[in-house]
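Okay, so here's the structure we're looking at.
The values are calculated or read from the model by the stated rules, or taken from the named source; none is laboratory data. Predicted, not measured: the structure shown is a model, and the values here were computed from it. Please note: Cβ atoms are built from the backbone with ideal geometry, for glycine as well, and neighbour counts cover all protein chains shown. What goes into the accessible areas is simple: the full protein's heavy atoms, side chains included, and nothing from ligands, DNA or RNA. Shrake-Rupley method; radii C 1.70, N 1.55, O 1.52, S 1.80 Å.
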Amino acid sequence: TGASWINEGAEMATGEYMAILGRDAHDVRAYCVEGESGILKTARNDFYPSYEPSKRLITWPNGVKAQLFYAEEPKTIRGPNCFRAWADEPASYQDAHIGLKGPNGEDTAMSNLLMTLRKGSPQLLVTGTPKPLQLIKDLLKYMGAIVVRGGTRENRDNLSPVWLREMETQYEGTRLGRQELDG
């Protein structure tokens, strides 16, 4: 969902920059950019972006750029004036437990990401497993938030039936099962 949404944003650009935030460099590269459902795999052949890992940058043929950021480096999430941002798996961020702002008002990865959304009618897409953390609760109260939920079984066509059966056997009816299987 996130990768397709970013590719779509590049095509319908209302600004020059987008931002992509993940837990760390590995997650952003392995899942958001290069993964089997990442930006490069879901991009159209006739509108395929270039990826410069050393610059943390993806650039589409029309000049739209996506800057890559890592939640483990919250102070680096500054700079571009973005019209779209994708935050993947925010419950995994080191500072997720404290919400949009730290206990003493200090910046968090998500608060800094929100500061980049200052062009046009900015949009933020948050994808991940829902966990009862303060950050997730804060995001749900954010002005204009729209929640779309989905469970693991809705994705069964893309999952191993053996794995799904095992997960249901192990976790059905548990708190972890409600979180992971039911979304």
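For a modelled paramagnetic label at His26, 7 Å from Cα along Cα-to-Cβ, no residue of the stretch 129-169 is in reach, as no backbone nitrogen comes under 17 Å. The label point for Ser54 and the one for Glu106, both projected 7 Å from the Cα toward the Cβ, are 3.3 nm apart. Take every Cα pair under 8 Å whose residues are at least 6 apart in sequence, average their separation, divide by the length of the stretch 65-126, and the relative contact order is 47 percent. A viscosity of 1.306 mPa s and a temperature of 10 °C, combined with the Kirkwood radius over C-alpha pairs in the Stokes-Einstein formula, give the stretch 45-183 a diffusion coefficient of 92 µm²/s. Each of Leu140 and Lys119 was given a label point 7 Å from its Cα along the Cα-to-Cβ line. The distance between the two points is 3.3 nm. For the chain, the relative contact order is 21 percent, taking Cα pairs closer than 8 Å that sit 6 or more residues apart in sequence and dividing their mean separation by the residue count.
Projecting label points 7 angstrom from Cα along Cα→Cβ for Glu154 and Asp46 puts them 3.1 nm apart. Rolling a 1.4 angstrom probe over the stretch 69-183 with all protein chains present gives an accessible area of which 52% lies on carbon and sulfur atoms. Considering only the Cα atoms of the stretch 121-183, their convex hull presents on average a projected area of 5.3 nm². Bridges between two residues of the chain, per DSSP, are antiparallel at a rate of about 25%. Accessible surface of Leu159, taken over heavy atoms with a 1.4 Å probe and every protein chain present, rounds to 50 Å².
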